[in-house]
Amino acid sequence: MKILDLAIKDLSQILRDKKVLLFLVAMPIVFTLFMGFAYNAGESGDENADTRLGLAYVDPQPDSRLSQMLFARLEESDALKVIRLEQAEALDSLRRGEVVGVLVIPSGFGEQDAGGTFRQLTLIAESNSSDGQSLYQLLRVPISQLMSAVEIASISADVQGSPAEFAPALELAWAKWDETSRLERVRLERATARVEESWFGDNPYNQASPGILVQFAIMSLVTSAQILVNERKTRTMQRLMTTAMRPWEMVAGHLLAMFGLVFLQTALLVVFAQFVLGVNYLNEPLGTLLVSVAMCLWVAAMGLLIGVLAKSDDQVVLFSLVSMFLFSALGGTWFPLEASGGAFAAIGRLMPSAWAMTGYQNILIRGLDLSAAWLPTTILLAYAFGFFLLALWRFRKMEL
């Protein structure tokens, strides 16, 4: 009960100031609205912008019938922007990022006949990128159909015993493929569009809401950590040490108060986002609860450590701001870590804030079930336990 009494004392002391509610709720809501608007505006961009995948088409014999057939089919695609270029120019455009890939038509490609062998085409693209994979899928069907049409024409010419039958059979087979492949092209182009879907899903607040939630949870520690500093200034802490309360009970009481404050803020922001902004936290309510509790425990334990380390109100503000900017910037609360890559993303994925964002986004954006919340929750609890042990160790040193 002593722990609970101390936590209630801290909370009543914090909430007595009505301006705290403005800081805890109003400011995060305003920032959430602003960031969601910014994400949406940045994603929408120019509505008339060409979003097709650029493909450089390199062909030493552009007047050949086969090449013309393939080029015309590729130009029909709403997902491709086909540009005829020389090979050196095409490779340079690929390096500059002006095209996604280069399709190289081999020499002699247009000389297929009833007895010829279909010459293989070469696609040069980044195979590990989503654009490169999409381009491959978009090219696979028309090229396979062209190969099939050549084979059908060759068989027809052999059966008829006349090489002159190759050309009309090829035209007929290609025309039939054109009729039956329209649905397949639509399906593939829709799949390509899904790859290009916004990184925040169908709602920009899927990123803005959890990002601001985590950021301001850390920032709220300014108020709660100042209580420990004020207790030392007024010698309230020294008087508490003379009572029957043990050091760990004092630490636990302050931790419980900080957890209660952060959890209250988190719950209010989740409810606001769910019912006002359409962020579907209730898609997996237990998963959202687990991630939120673990995140609040981590933030509370870190706030406790700040409270025992800081010697003045100015240091509380400084340490809280540094923590907020460090964990927010590196943890993917402002933008997804997938957009950064390299060492920045590798370091960012070690941050507890990144695991909090992963837990929320597994539910909000990826639509995963409860099992996807266990790993982020466990890692956040491990961080909370580590910060708590550091705070307890520092508190004992301070006591001595």
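For the range 375-385: of the residues being farther than 13 Å from Ser292 by Cα and touching a residue at least 40 places away in the same chain (Cβ under 8 Å), which is surrounded by the most Cβ atoms within 10 Å (Cβ to Cβ)?
The extreme case among them is Tyr383.
Just a yes or no: is a residue in the range 15-37 on the phi > 0 side of the Ramachandran plot and at pLDDT below 70?
There is no residue in the range 15-37 that is on the phi > 0 side of the Ramachandran plot and at pLDDT below 70.
Per-residue answers, yes or no, for (1) assigned by TED's automatic domain parsing to the domain that holds Thr288; (2) under 23 Å from Gly36 (Cα atoms); (3) crowded, with 19+ Cβ neighbours inside 10 Å:
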{"position": "Leu337", "(1), (2), (3)": "yes, yes, yes"}
{"position": "Ile347", "(1), (2), (3)": "yes, no, no"}
{"position": "Leu350", "(1), (2), (3)": "yes, no, no"}
{"position": "Ala356", "(1), (2), (3)": "yes, yes, yes"}
{"position": "Leu370", "(1), (2), (3)": "yes, no, no"}
{"position": "Ala373", "(1), (2), (3)": "yes, no, yes"}
{"position": "Phe388", "(1), (2), (3)": "yes, no, yes"}
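When you scan the range 349-388, how many residues do you find that are of a type outside the set (Ser, Thr, Tyr) and under 23 Å from Asn203 (Cβ atoms)? Give the steps one after another, and end with the answer.
Looking only at the range 349-388, we keep the residues that are of a type outside the set (Ser, Thr, Tyr), and these are 349-352, 354-357, 359, 361-370, 372-376, 379-382, 384-388.
Going one step further and asking which of them are under 23 Å from Asn203 (Cβ atoms), we end up with 354-357, 359, 361-370, 372-373, 376.
Count: 18.
Within the range 277-289, is even one residue at pLDDT 90 or above, among the small types (Gly, Ala, Ser) and under 13 Å from Leu213 (Cβ atoms)?
Checked against the condition, which is being at pLDDT 90 or above, among the small types (Gly, Ala, Ser) and under 13 Å from Leu213 (Cβ atoms), the range 277-289 yields no hits at all.
The values are calculated or read from the model by the stated rules, or taken from the named source; none is laboratory data. These figures come from a predicted structure and were not determined experimentally. Virtual Cβ from ideal backbone geometry, glycine too; neighbours counted across all protein chains shown.
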